[in-house]
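Participant: Structure provided below as structure tokens; questions to follow.
Please treat every number below as a calculation from the coordinates, not as lab data. Predicted model, so just to flag it, every value in this text is computed and none were measured. Ideal geometry is used to build each Cβ from the backbone, glycine not excepted, and the neighbour counts take in all protein chains shown.
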Amino acid sequence: MRTSIRWPFALPASAALVVAMAAAASVSGQAALPDRGLPRLQKQGTAAQLVVDDKRFLILGAELNNSSASSLDYMKPLWPRLVATRLNTVLATVSWELIEPEKGKFDFRLVDGLIEGARANDLRLVLLWFASWKNGKSNYQPLWVKTDQERFPLAIDEQGRSMPILSTFSDVNRDADARAFAALMRHLREVDGRKHTVLMIQVENEVGVLGDSRDYSPAANRAFAGPVPKELTDHLRRHREALVPELRELWTANGSRSSGTWTEVFGPGKPAGKAIPVRTLSPPLTAEEHETGWRKLYGPVDEIFMAWNYARYVNHVTEAGKAEYDIPMFVNAWLQQRDHAWPGTYPSGGPVPQVIDVWQAGAPAIDLLAPDIYVPEFEELCARFSRSGNPLFIPEARGDTRGIANAVLALGKYDAIGYSPFGIDRFAGAESELAKGYEVVSQVAPLILEHQGKGTMTALLLDRNGQPQTVRLGNYDIEARFSTRPFGPATDASPERVAGLFISTGPDDFVVVGRSMNVYFTAAKSPENVGLGTVEEGVYADGRWVPGRRLNGDETPEWRALRFRSESYGIQRVRLYRYR
Ligand code: DGJ
């Protein structure tokens, strides 16, 4: 169970209202009525949920390819395919170079077109602010920024070479980005402040230094040789017990210092002269290192130093935007992973799990840190990103059968506010696995929202060649076994990975969503036998249960399991009873 949420919910509702009023006033030049329906995050038990128009909202989303939203003509035929995919939200890029092609002259026609397209198709948007950085590099800044390196300095590697990455150690870089972002948010307030088509903003994309462990420019070296800012050491001291263990252990191993230079407080960085290749393949890793190396820290002070500096920069940009229009904002992470174990082979300083606390200290205006999860260790990453009170949202991931299973796990077990596979242009359509999965998840979305954060819902993953899985919920242990023989001969329709979702709606009542599995219930703390009282399959229509067949006999194997077929996810409601 995650620790209690202590961040970023420091703002009482009344204060949030004041911020909203200030934002409204800044647009019209006069006090405007606060808009209570603005998208915001709100606690429910241990969960943080997205609320819009005063209703909880579960993002069943997908992200467009990077360049799609740069052409409204390109988008035209895509909208109906997105609708057919059963999405409720589209994640779309807004690029700095396109909204501010000339310094100080803004063009929001693309943004307006996107919003119109979304509204016409009854979809919401999460906008991705591609500005100073995208995947560690800088290529979305306008040409007038790209071509003026004197004014807009780049990061420098250890060998003294420029990297195509705007340096975080430049107030000019930061302020130019912040001004453009503020203009965007002011515009959104004007065109969307009442309708709330735009739910959230991702600020930048997968930030961090790629190609070396840190920025070695003269300004960066000066900061690195200087003291760790007091705000950071204060944060570490205040949250000592709640810090992620990777960071706490490192800090403790170096004496839990509350002041000192970066290396005094966090230990040594990358060994001098060590080249950072694109992939962590040399020196050859042993098989064991290949498996585990991506969970270790390498010269972590460099990464912590960059995390602090990216967080400060991003926080400044975010604050400028929120001062105009205050809706939830997040930062996404390119993860440390196999073949990308050393900081710099993945963007060093991005919001990866070991530096979550550093980001929280440096960027309090950011509402959550979001992993882009393409790696197989999906659940492990959900767990690592659910620490330190960080609400979970997955802006990039897979959209196939494995992706749908992962979505169910994230929403049902880790209380995620949403899930969004990347590159939807390539596979949107009614026949996609995503569409079939989202169709069922959207039926149970109201139930998921009702149960998040209360300890009355959980989920699990089952792999075709993996072991059965057991979870405890209420008074029952629930075991799910993968089944390739749902009824009759083995079938190839079984996907490699499926999820089971279990919602306890009463002491002996459960709603179960599953596919390719048999589900068994046993009493958790008693020797009594458990029987299936009644089992119904059915659908939820507008949140109301519409029963189909009453299941029994061959449809409930051995009269003691729920059976879910292989072809698609199904929903069953069961009432259990006990006998001796
Ligand atoms: C991660 C990035 O954040 C996306 O913008 C996109 O480039 C994908 N990678 C491509 O796989």
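Participant: Per the Kirkwood treatment, what hydrodynamic radius in Å, one decimal, follows for the chain from the mean inverse distance over all distinct Cα pairs?
Facilitator: Kirkwood hydrodynamic radius for the chain: 25.0 Å.
Participant: Test of understanding: extend the Cα→C-beta vector of E150 to 7 Å, then name every residue of the stretch 80-114 with backbone N under 20 Å from that spot.
Facilitator: 103-104, by backbone N distance to the label point.
Participant: Would you mind calculating the gained length between S258 and R237 on full extension (0.36 nm times residue separation, minus the Cα-Cα distance), in nm to one decimal?
Facilitator: 6.8 nm
Participant: Scattering from the C-alpha atoms of the stretch 439-536 alone, worked out with Debye: what is log10 I(q)/I(0) at q = 0.16, 0.17, 0.21 1/Å?
Facilitator: Result of the Debye calculation: -0.74, -0.83, -1.17.
Participant: Restricting to DSSP H runs of at least four residues, report the calculated mean residue ellipticity at 222 nm for the chain, -39500 (n - 2.57) per run over all residues, nearest 500 deg cm²/dmol.
Facilitator: -9000 deg cm²/dmol
Participant: Where a Cα-Cα gap under 30 Å defines reach, which lysines qualify for K322, not counting those fewer than 8 residues away within the same chain?
Facilitator: By straight Cα distance, K322 reaches K43, K55, K103, K105, K134, K137, K146, K195, K230.
Participant: Calculate the spin-label point distance for V546 paired with D171, positioning each point 7 Å from the Cα along the beta-carbon direction, and give it in nanometres.
Facilitator: Using points 7 Å along Cα→Cβ, the separation is 6.2 nm.
Participant: Rounded to the nearest 0.05, what FRET efficiency do S442 and N529 have when you use their Cβ-Cβ distance and R0 = 25 Å?
Facilitator: 0.10
Participant: Still on this structure, I have one more. For R481 paired with E249, estimate the spin-label separation in nm (one decimal), with each label point 7 Å from Cα along the Cα-to-Cβ line.
Facilitator: With each label placed 7 Å out from Cα toward Cβ, I get 3.8 nm.
Participant: Where in the stretch 267-296 is the amide nitrogen less than 12 Å from a point lying 7 Å along the Cα-to-Cβ axis of A383?
Facilitator: none
Participant: Report the calculated FRET efficiency for V278 and A219 (r = Cβ-Cβ distance, R0 = 25 Å), to the nearest 0.05.
Facilitator: So the FRET efficiency works out to roughly 0.45.
Participant: Post the alpha-carbon centroid distance, the stretch 264-304 to the stretch 356-424, in whole angstrom.
Facilitator: First find each Cα centre; the distance between them is then 24 Å.
Participant: Could you give each residue of the stretch 434-451 its phi-based ³J(HN,Hα) in whole Hz, using Karplus coefficients 6.51, -1.76, 1.60 with θ = phi - 60°, and x for Gly or Pro?
Facilitator: So the J values, rounded to whole Hz, are 4, 4, 5, x, 5, 4, 6, 4, 5, 4, 9, 4, x, 5, 4, 4, 5, 9.
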